[in-house]
Amino acid sequence: MASAVDAIGDPIPTSAVLMSASKHISGRCRGENLAFLKCKKDDPNPEKCLDKGTQVTRCVLHLLKDLHQKCTKEMDAYAGCMYHNTDEFELCRKEQKQFEKACPL
């Protein structure tokens, strides 16, 4: 797997990184996600929900940065396992357990 962080040290939101952090995302960014989904349901015009989508993205990126700062080694190991195993959670339970111990939900 290529580097999990960009030139300034922020995590790159690849599918493996997003899948690894999915439980954290669902908890921390729940409000933003629900507001976005409600907007999409209420108005089929995609432009009307751009601000809500931006809020979701901002929340996720901020969360990924926090997780990477707090438990770098465990997050990188879990995301690396997910990358090498095509995002199959069942093959990465050991790394998941270590990650969730270092960065509890």
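The set of residues from the range 62-74 being open to solvent by less than 60 Å² (accessible area, probe 1.4 Å), free of Cβ contacts under 8 Å to residues at least 24 places away in the same chain and more than 13 Å from ILE25 (Cβ to Cβ) comprises just one member, THR72. The number of residues in the range 36-61 that are in contact (Cβ under 8 Å) with a residue 24 or more places away in the chain and either in contact with a Phe, Trp or Tyr (Cβ under 6 Å, 6 or more places away or on another chain) or farther than 20 Å from LYS23 by Cα (or both) comes to 1.
Taking residues in the range 1-13 that are open to solvent by less than 70 Å² (accessible area, probe 1.4 Å), and partners anywhere that are among the basic types (Lys, Arg) and modelled with pLDDT of 75 or more, the pairs with Cβ atoms closer than 7 Å and at least 6 places apart or on different chains are ASP10/LYS65; PRO11/LYS65. When residues in the range 75-94 are screened for being buried (at least 19 other Cβ atoms within 10 Å of the Cβ), closer than 19 Å to ILE12 by Cα and more than 14 Å from the chain's Cα centre (by Cα), 2 of them pass.
The values are calculated or read from the model by the stated rules, or taken from the named source; none is laboratory data. Predicted model only: the values in this text are computed from it and were never measured. Cβ sites come from the backbone with ideal geometry, for glycine too, and all protein chains shown count toward neighbours. The accessibility values were calculated without ligands, DNA or RNA, using every heavy atom of the protein model including side chains. Shrake-Rupley method; radii C 1.70, N 1.55, O 1.52, S 1.80 Å.
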